[in-house]
Every structure is written in C-alpha cells, then in structure tokens.
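K.L.:
I have a structure I would like to understand better, so I am pasting it below and will then ask my questions one at a time.
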Protein chains: 2
Amino acid sequence: MSASSATTILGRFVAEWAWEATPAPVRHEAKRSLLNALGCALGVANDPAISAAIRVLTPFSGPRHVTVLGRAERLDVMGAAFVNTIAANLLDYDDTHPPTVIHPTAPVAPPTLALAEQQGLPGQAVLHALLLGAEVECRIGLAVSSGHYARGWHITSTCGVFGAAAAASRLLGLSTERTAAALGIAASLSSGLVENLATSAKNVGMGNAARNGLLAALLAEAGYEAAQAAIEGKLGWARAMGDAPDMDAMTGELGSRWEFATNSYKPYPSGIVFHAVIEACLALRDELGSDPAAIVSVSVRGNQLLLDRGDRPTLTARDARVSIAHNAAVGLVRGTAGVADFAEIDDPVVARVRTIVSAALAPDFPPGAAEVTVRLTDGRAATRRVDVAHGGPGRPLSDHELEQKFRHNAPGAAADRRIEALWALDTAKDVRPFMALMAG
Amino acid sequence: MSASSATTILGRFVAEWAWEATPAPVRHEAKRSLLNALGCALGVANDPAISAAIRVLTPFSGPRHVTVLGRAERLDVMGAAFVNTIAANLLDYDDTHPPTVIHPTAPVAPPTLALAEQQGLPGQAVLHALLLGAEVECRIGLAVSSGHYARGWHITSTCGVFGAAAAASRLLGLSTERTAAALGIAASLSSGLVENLATSAKNVGMGNAARNGLLAALLAEAGYEAAQAAIEGKLGWARAMGDAPDMDAMTGELGSRWEFATNSYKPYPSGIVFHAVIEACLALRDELGSDPAAIVSVSVRGNQLLLDRGDRPTLTARDARVSIAHNAAVGLVRGTAGVADFAEIDDPVVARVRTIVSAALAPDFPPGAAEVTVRLTDGRAATRRVDVAHGGPGRPLSDHELEQKFRHNAPGAAADRRIEALWALDTAKDVRPFMALMAG
C-alpha cells in the first residue's frame, strides 16, 4: 500500500526520471516556459507590488546572494523565490496548462533558479527540475480539476507548492522517500483563494507556494516526515479541499504522458478566455477601419464561462484584464493588446467604446470561443467568430513569437544576450552567469 | 456591506479594543496561557525536531536578534516564530479551546513575543495582542466547527494564521482597514491537514501558521490588499474549506463574549479525551494498590470519540499520547502521567498492562467521560467513572497548578525567576529582559 501512495509514486518519478529519457519536445518546452516566465517577471520588475515585497522581506533574508529578476537588490533563496514568483505571475501573462488553468512555471521556476544559483548548479539541472516539478504540479491539479477551482481554490497556488517542492527535491538530490516526504509536507502548506484573486493577497499566495515548496524540501532533507496518504487519504489534501482525487490522472503513464507538453503561452496579457474576443476585434478593425468614433455598438457572444469571468459593470486597473468590454475596446481602438493597453484604462476613446460593448450568452460555443459584431455610424456591420485563439490548442506560439513577447516585456540592450543565454541554458555548466544577466 | 465583512468587524476589534476595557479574568487568562505555552516549549527545547528546524532556518534568517525558547541560538522574527510555535505545540500539551479543540496560544504567542522582542515593546502590549489574536482565532474556528476538522483540516493551523495575523497587526499598530487586509491575506495562506497529524508535517503546518500570520500583517502594513469577503465570501476561506461560516459565532458579542476565557490547560501531555481514563486509573491505583503484576484486566468504556481516537493495536512514541491502552497503563503502573511517562513506551511493565486493556463503547457517555474497571489476580475488582477530567469545564487548573506544570516541564534554577517574571509581565516596560530569561 505504501509503495503505491501518490507521494511515493510521484516522489520516485521526481527522484529517478532522467533528463536523457525525456522526449526532446518536452525538454524544449522547459526552455520555452522559462523564456516566457522570465520575460513576464522582468516586465513588471519595478511594479509597486514587487518593491513592497522586497522591502518587507529584506529584514528577514539571510545572506543576500540570489538574483531578484530585473532588480539590483538581492535576497536569500526563500526571499528571491517569493518575489520572483509574484513577478512572473503578476499580470497572469505567464503560461497556462489548459485542462486545469494552472500557470505552471511561476511557482516552480523561481525557487528552482534561486536554489541553483545559490549552489552554482548547471543549467540542465534547472530545466530538468523545472519540468519534473511542473509535471507533478499539473498532474495533482488535473486529479482534482475542475471542482477544486469551482470550490474557491486558486489552483496555481494550491498545486504550485507541490511543483516547487518536487523541483527543489530534485535539485537537492533527495531520494524517493525524502521527495515523497517533501510532497507530503507540501500538502499541509497548500493554500490560495479565488475570492482573493482580484487583490494582491493573490500574489502573496503565489509567492508563498514557491517559498513553502522550498521549505518542504529542505525540511524533508533534514528528516521531517509526512503521512503516506497526505494527498489522497481520507483526511488528506484532496478530500479536505473537496474531492476524491482521480489517481489515474495524477499518477498514470508517468514519463509517457506529459501534461507539461500541453503548456500554452499567452500573446495578450489578459485572461485567456478573452483572447478570442481580442482576435475577433483586431480582425474587425482591419476589415472596418480604425476610426473608433465610427463605432455604434459592439456585441460579444460567448459561453457561460466568458460571461461569468468577464461581464463586469465597473473597472479598475486590476480587473481590466478580465473585462469583456476592455478586451474588446483595446482591440478595436488601439489595434494592439499589450501590457500598456491594459494598464492605461483611462484612455477616453477606449473608455467610450467600453460603454457600448454588450455581452450575450451563446451556450453552444466551446470554451474560449467568441463572436463579435461591430456596427458603424454609416450602417456597415461585420461579425467575426474565433473558436481557438492564438496560443490555444493547435495554435501554439512559435519560438520566434515567444522571443518577440520577451522583447516586448523586457526591451533593451540586454534582450539579445538574455534570449541567447536562455536557448543555451542546457549547456551552461553554472547557472550563475545566466542569472546575473537577469538582474536589473 | 463592506463595513460588515468579517475581516472589517474583526479588524476593528483588533485595532481598537482597549486593554483596560478587557475584563480582569480575561487579561489574567493571557498570562496563564502564556505560562503554560512557555513551559511546554521549554520542555522540548532540545527535541530533534526543534534542532532540525533551527538548522534548516538559520541560513534563511535575517539578523538573529530574537530568542529561541530554551536555546542558545537566536533567529530573526520569522524564524523564531516558526520554531517557537512548533515547540509550544510539539507534544499537544498546550492549551485547548474546548468547543473547537484549537490550541490557541501556540501559533499566536511566539510571533507576538518575537515581534515585541525585536521592537522592545512592553509586556502589556504582548498580553493584549495575544488575547486579541487568540480571540479572533477561536471565533473563526467556532464559525466553521466541527465540520472543518471532520473534513480533514487541522483547525489549530488553519485558524492559527488568523490569530497570528491579528496579534501582529495589533503590535504593529495597524488601522482597522490594514488589520482587515492582514486577516484577508491570512485567509489565502491558511492550511494544515489532519491526515498529517501523526507526523512532523503537522509541526511544519503549525510553524507556518505563525510565520504566515506575521507575513500577512507585514505585507498589509506595506499596502497589500485582500478581498472584503476573503473569509465568508462565495469563493472565500470558509466555503472553500467546506462550509458556510456561522457569522454570529464569528463576530457576535465581540468584547462581551470571550471565547478565550474558556481556554483550558492539560494536566497530562496526552490527548484531552484520554484524561478521564488517566484519572480513573490513578484513583483505582490508590484504591487497589500499586502492584501492576496483580492486574488481570483493564476494561475502558467511553463514547465513540474516545474509541475513534484511541483504540489502536500498535504503538509508536508518536501515538502513545493518543492510545487508550497506554494512557490507562501509565496511570495504573507508574501512578504519574507526565512527559516521560509518554516517552518511555518500552517500559516492560507498562507494555504488559497495555496488552490487557480493552475498550468498549458506552454510547450514552458525554464527550470526555470514561469508566475504567480493573480486575486483580486475587479476585478483587473496582470501577471508577470520571465525567469531567481535571482541566476540563468547571475544573480548571489553578494558577499554582499551572506553576507546578511549568516547573515539571522546565525544571531548574531559572524556574522561579521565569514564573515571577511571567506574572509581572503586564508591568514590564520592555519585553526583552523577560525573553532573555526564556533563552537556553
């Protein structure tokens, strides 16, 4: 029985699975996800939430040897993992595991990089630990999705702690038994609430997932124990959080089915369900012309998820990224949908168009699909439907597009060197020069 | 609506309630609970779990200015709060809030003392923050009990983070609004599983509750926000964890009904439901004589809770404290039931008596009641029933008994000075000399 507990099965996979046995596309996905996450973090390095977190954590940092992405300050491994995870996920512009809506990389890559930087480990060890950690994180999430999120659990935080614990365990060279203990300890540290998603408490939950995963691995290394059935037991993680887990989803086909291989990347920094709205609007702008004053009405149709997430009467900078009206308006008015387009919510032309956007239910639409109809003052009208937005299933961003996104997030003279170093990370004998490139 | 959210109501209470307005018995309970918690922590200061936690956290500590109870090492506020909370609760010998089975003081007093020591605050501020934090913790627990625990949540950890956040907020002098934010952030950091209770993962959950509560308060002070309905909202803490909260239990009669006033203290370091078994056995030993070789059988009767928690065939040092057989055997054989009696499980005389203890259901017995019948080789037999054990409702430990317990946990020349300083803590202008007394 103990040999078949989830922590033991996943612990063995993390402790024993070889880099060389991993399919090349999965190994490459580790680089793609890291490029994407680092760009997202560098892009918000000077956000007040990041500065405040650094200020709060600095007095509680051991020797400050680890890079804070895009900043001159340094922190210890715990502090850097906390702050860098917040940064990578701050705008929800990071990656998405479609079946669970987990953002896999943000809670896993920062603690992995921080620990590797402190210990001067090779780049391949980072990529390997990242992909194993993200795989464990996505599989545990898959085993409790979608009831877990619907009940109020912010699944990226609640599962991120497992990913961080797994990745740190691998970097520390822990045995199957010690890795299982780390995962079991992580179960007792898992948290994060959907109710708090519109506030900065969400960021704290994310940072803590990274930090707690590290802590779980370090305590397991020091001999701390956990229950064999910490995840799937009668009074364990999954049932406490609401559901019996699907054990096949969690532990089946390890090494042959790769959840991490389905990882996707956003071309726009808004909620992924709004991307079809943006693309329809960009196409309609091309078709009907770019004069926003000529727009009389904008009618958006989508399924219940779209309306639940995005049909909101008022707007703050924080929820522009999950507003149907704002997503439609930036596409139609500005013809772009980048970070600045979602930050500058007071643009009067965008604000006017927002007021003429309406949303209606199309119950037969698949998740992520949207149809937009625009009517103009001269009587013209056009409709566009997008079923799968760019970045979604079957329409992945290319490596080149990920580079462009990185340059857009983190422009400047260092971009070329950073991108080049990222693609060569698996050959770096020591991750420290790479991390030095990522400082501010 | 926002003015009546749980975080705002509790935040106002914590920010505004005056020490002078607090009934004298409640203020005194803060001292009693602190005496009890400090004794428990000092008694296990050299336990391997404590040493390992110090070893793991030291590299991640800022300047080490804060006392680790009973140790020569020092850590920063976060690290000391983590380790001291683990120590206070390590043997579950700390206090109990009967309606919720929360151990209120362990996750609240250590972060409060640590922050006060760092800042050189007066003793009265510590006692005040402790009682407000513990009150908030117990009320949030009461609002979700007993379904919360039954679902798998270790309620002392899950609610302890709120108590720590509240106490730290008060010490930091946060406003109602900032304290509410701290409580809302704490909701996203709340965790701890019943499945892990028999392992040291439980200790990590406890230490993290203290650390995360501090972190929530410090981030709230720095401007981090949380949802108004983080605790009671549709996708908030209580419902994510399984139940709609009883808002009257949580926020009714603040300042007139004091949950903290019902706090109770254990005379024995075992699970509280076993205390009636011990007392019955101590009385039977007085009545029948102290020769364990004469004992033929020991029959214990109690309600379902007693059997569920304590009827276990095998025994480790970790679960001796929740074994009916071991609790009965130490009472009958050793005539004492202290920390050593539960650590020395290999005592052959105790081990023999354990094998002749049987347990049967008495469905009509109230929770906490037990009846024990002992039969001897010479044909004599006697039965004792205890409905409310010492330390339970209506039978509180006296101040003198708490002093004796403290001396038993933390013997030595310093005991008198420590006890004297504790009773005078409300008059101490600076808590630092008091904490210096508590070091090793």
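The values are calculated or read from the model by the stated rules, or taken from the named source; none is laboratory data. Note that the structure is a prediction, hence the values are computed from the model and not measured. Because the Cβ atoms are built from the backbone with ideal geometry, glycine has one as well, and the counts that use them run over all protein chains shown. Calculation scope for accessible area: heavy atoms of the full protein, side chains included, ligands and nucleic acids excluded. Shrake-Rupley method; radii C 1.70, N 1.55, O 1.52, S 1.80 Å.
K.L.:
Name the residue that is most open to solvent (accessible area, probe 1.4 Å), counting only residues in region A:317-357 that are hydrophobic (A, V, I, L, M, F, W, C) and free of Cβ contacts under 8 Å to residues at least 24 places away in the same chain.
P.N.:
It comes out as A:ALA340.
K.L.:
Give A:THR314, A:THR262, A:THR251 a once-over and let me know the one that is out of contact with any strand residue (DSSP E or B) (no Cβ under 9 Å at 6 or more places or on another chain) and open to solvent by 50 Å² or more (accessible area, probe 1.4 Å).
P.N.:
A:THR314
K.L.:
I've got another one for you. Mind checking which residues of region B:195-227 are in contact with a helix residue (DSSP H, G or I) (Cβ under 7 Å, 6 or more places away or on another chain) and more than 21 Å from B:VAL83 (Cβ to Cβ)?
P.N.:
B:LEU219, B:ALA220, B:GLU221, B:ALA222, B:GLY223, B:TYR224, B:GLU225, B:ALA226, B:ALA227
K.L.:
Does A:ALA382 count as of a type in the set (A, V, I, L, M, F, W, C) and either under 30 Å from A:CYS40 (Cβ atoms) or open to solvent by 30 Å² or more (accessible area, probe 1.4 Å) (or both)?
P.N.:
No; evaluated as a whole, the condition is false for this residue.
K.L.:
Between a residue in region B:52-63 that is more than 7 Å from chain A (Cβ to nearest Cβ) and any residue that is open to solvent by 30 Å² or more (accessible area, probe 1.4 Å), which pairs come within a Cβ distance under 9 Å, given they are 6 or more apart or on different chains?
P.N.:
Within 9 Å, the pairs are B:ALA53/A:ALA222; B:ILE54/B:GLU73; B:THR58/B:ARG64; B:THR58/B:GLU73; B:PRO63/A:PRO59.
K.L.:
Right, something else. Can you confirm whether A:ALA37 is open to solvent by 10 Å² or more (accessible area, probe 1.4 Å) and either farther than 30 Å from B:PRO59 by Cα or more than 14 Å from chain B (Cβ to nearest Cβ) (or both)?
P.N.:
Judged against the criteria, A:ALA37 is not a match.
K.L.:
Ok, one more. Looking at B:ALA240, B:ALA209, B:ALA201, which is the one that is farther than 17 Å from B:LEU132 by Cβ, modelled with pLDDT of 95 or more and in contact with a Ser or Thr (Cβ under 6 Å, 6 or more places away or on another chain)?
P.N.:
The unique qualifying residue is B:ALA201.
K.L.:
Mind checking whether some residue in region B:117-134 is hydrophobic (A, V, I, L, M, F, W, C) and within 14 Å of chain A (Cβ to nearest Cβ)?
P.N.:
No, that holds for no residue.
K.L.:
Residues in region A:140-150: is at least one under 16 Å from the mean Cα position of the chain (by Cα) and open to solvent by less than 10 Å² (accessible area, probe 1.4 Å)?
P.N.:
Yes: region A:140-150 contains one or more residues that are under 16 Å from the mean Cα position of the chain (by Cα) and open to solvent by less than 10 Å² (accessible area, probe 1.4 Å).
K.L.:
Here's a follow-up. How about region B:81-109: which of its residues are buried (at least 24 other Cβ atoms within 10 Å of the Cβ) and outside any helix (DSSP H, G or I)?
P.N.:
B:TYR93, B:ASP94, B:ASP95, B:HIS97, B:THR100, B:ILE102, B:HIS103, B:PRO104, B:THR105, B:ALA106, B:PRO107, B:VAL108
K.L.:
Right, another one. Hey, could you check region A:86-100 for residues that are more than 8 Å from the chain's Cα centre (by Cα) and within 14 Å of another protein chain (Cβ to nearest Cβ) and say which is farthest from A:ALA320 (Cα to Cα)?
P.N.:
Ranking the candidates gives A:ILE86 first.
K.L.:
If a residue must be open to solvent by less than 10 Å² (accessible area, probe 1.4 Å) and within 7 Å of chain B (Cβ to nearest Cβ), how many such residues does region A:234-245 contain?
P.N.:
Residues in region A:234-245 being open to solvent by less than 10 Å² (accessible area, probe 1.4 Å) and within 7 Å of chain B (Cβ to nearest Cβ): 3 in total.
K.L.:
Does A:LEU113 qualify as being touching a Phe, Trp or Tyr at 6+ places or on another chain (Cβ under 8 Å), within 21 Å of A:VAL77 (Cα to Cα) and part of a helix (DSSP H, G or I)?
P.N.:
When the stated conditions are applied, A:LEU113 does not pass them.
K.L.:
Can you find, within region B:155-177, the residue that is farthest from the other protein chains (Cβ to nearest Cβ) among those that are open to solvent by less than 20 Å² (accessible area, probe 1.4 Å) and farther than 21 Å from B:VAL126 by Cβ?
P.N.:
B:ILE155
K.L.:
Looking only at region B:192-225, how many residues end up being at the interface with chain A (Cβ under 8 Å from one of its Cβ atoms) and among the basic types (Lys, Arg)?
P.N.:
Residues in region B:192-225 being at the interface with chain A (Cβ under 8 Å from one of its Cβ atoms) and among the basic types (Lys, Arg): 1 in total.
K.L.:
Let me ask something else. Can you tell which of B:ALA125, B:ALA180, B:ALA198, B:ALA186 is surrounded by fewer than 24 Cβ atoms within 10 Å (Cβ to Cβ), of a type in the set (A, V, I, L, M, F, W, C) and more than 25 Å from B:PHE434 (Cα to Cα)?
P.N.:
On the way: B:ALA125 fails: more than 25 Å from B:PHE434 (Cα to Cα); B:ALA180 fails: surrounded by fewer than 24 Cβ atoms within 10 Å (Cβ to Cβ); B:ALA186 fails: surrounded by fewer than 24 Cβ atoms within 10 Å (Cβ to Cβ).
Exactly one residue qualifies, and that residue is B:ALA198.
K.L.:
For A:ILE50, are the conditions met, namely being of a type in the set (A, V, I, L, M, F, W, C) and more than 18 Å from the chain's Cα centre (by Cα)?
P.N.:
no
K.L.:
Which pairs turn up if I take residues in region B:297-310 that are touching a residue at least 60 places away in the same chain (Cβ under 8 Å) and crowded, with 24+ Cβ neighbours inside 10 Å and look for partners that are of a type in the set (Phe, Trp, Tyr) and not in a helix (DSSP H, G or I) with beta carbon separation below 6 Å, at least 6 apart in sequence or on another chain?
P.N.:
Filtered contacts from region B:297-310: B:GLY302/B:PHE365.
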